[in-house]
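J.: This structure is in structure tokens; I'll ask about it shortly.
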Amino acid sequence: QVQLVESGGGLVQAGGSLRLSCTASGSIFRINNMGWYRQAPEKQRELVATITSDDSTTYADSVKGRFTISRDNARNTVYLQMDSLKPEDTAAYYCNAYVQSIRFQGVKQFWGQGTQVTVSS
């Protein structure tokens, strides 16, 4: 029905930057909220940032001032610009999207497969 594919993860030194991308494809009528979450080993998945369809954003306190979420509605893509990275940002990063489709009623949440971000000290 709907697929989310992330890209842009990798290994970076502390203080460096990475830009994650996540593109949705499939039977999409409209995408409402989109967001990024992360999960470090042996920890619960946590919210990083969200963005609404009219570009209102929220951020976890731990990333405020360092990360920026944005989206391109024409490309069904959400981005996460990560600057001043710290070793504690190391995690698998997942995007999600709340999607309306002609294939189903209402709104469904979809997840990407994740992309690894590793920050070395």
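J.: Subtract the Cα-Cα distance of F29 and S17 from 0.36 nm times their separation in residues, and report this length gain in nm to one decimal.
T.: On the way: separation 12, 0.36 × 12 = 4.32 nm, distance 3.31 nm.
Contour length minus Cα-Cα distance gives 1.0 nm.
J.: Sticking with this one: Charges on Cβ only, +1 for Lys and Arg, -1 for Asp and Glu, centred on the Cα centroid of segment 2-121; of W111, G26, Q81, which one is farthest towards the dipole's positive end?
T.: Going by the charge dipole, the pick is G26.
J.: Treat every Asp and Glu Cβ in the chain as -1 and every Lys and Arg Cβ as +1, leave all other atoms uncharged, and give the resulting dipole magnitude about the Cα centre to the nearest 20 debye.
T.: Result for the chain is approximately 280 debye, rounded to the nearest 20.
J.: On to the next question. May I ask you to list the aspartates and glutamates whose Cα is less than 13 Å away from that of K43, ignoring any residue fewer than eight positions away on the same chain?
T.: Of all the aspartates and glutamates, those that pass the test against K43 - Cα under 13 Å, at least 8 places apart if same chain - are E88, D89.
J.: Which percent of the accessible heavy-atom area of segment 1-91 goes to carbon and sulfur, probe 1.4 angstrom?
T.: 45 percent
J.: Starting from the 7 Å offset along Cα-to-Cβ, what nm value, one decimal, do you get for the label separation of D54 and W111?
T.: So the label points at D54 and W111 sit 3.0 nm apart.
J.: Further question on the same structure: Using the reciprocal of the averaged 1/r over all distinct C-alpha pairs, how large is the Kirkwood radius of segment 45-88 in Å?
T.: It works out to 11.2 Å.
J.: Then there's this: DSSP loop chymotrypsin sites (Phe, Trp or Tyr not before Pro) in segment 1-56 with at most 12 other Cβ atoms within 10 Å of their Cβ, which ones?
T.: Passing both the DSSP loop test and the Cβ count: F29.
J.: Which percent of Cα pairs goes in each bin when the distances of segment 37-121 are cut into 5 angstrom slices starting at zero?
T.: Per 5 Å bin, starting at 0, the Cα pair percentages come out as 3, 13, 22, 25, 18, 11, 5, 3, 1, 0.
J.: I need the calculated FRET efficiency for the pair E42 and F104, taking r as the beta carbon distance and R₀ as 30 Å, to the nearest 0.05.
T.: With a Förster radius of 30 Å, E is 0.30.
J.: According to the square roots a ≥ b ≥ c of the eigenvalues of the Cα gyration tensor, what is the shape class of segment 71-112, taking rounded for a/c under 1.5, prolate for a/b larger than b/c otherwise, and oblate for the remainder?
T.: oblate
J.: Taking a probe of 1.4 Å, how large is the accessible area per residue of the chain, in Å²?
T.: 54 Å²
The values are calculated or read from the model by the stated rules, or taken from the named source; none is laboratory data. Keep in mind it's a predicted model, so treat the numbers as computed, not measured. Don't worry about glycine lacking a Cβ; one is built from the backbone with ideal geometry, like all the others, and counts go over all protein chains shown. Note: accessible area is taken over every heavy atom of the protein model, side chains too, but ligands, DNA and RNA are not part of it. Shrake-Rupley method; radii C 1.70, N 1.55, O 1.52, S 1.80 Å.
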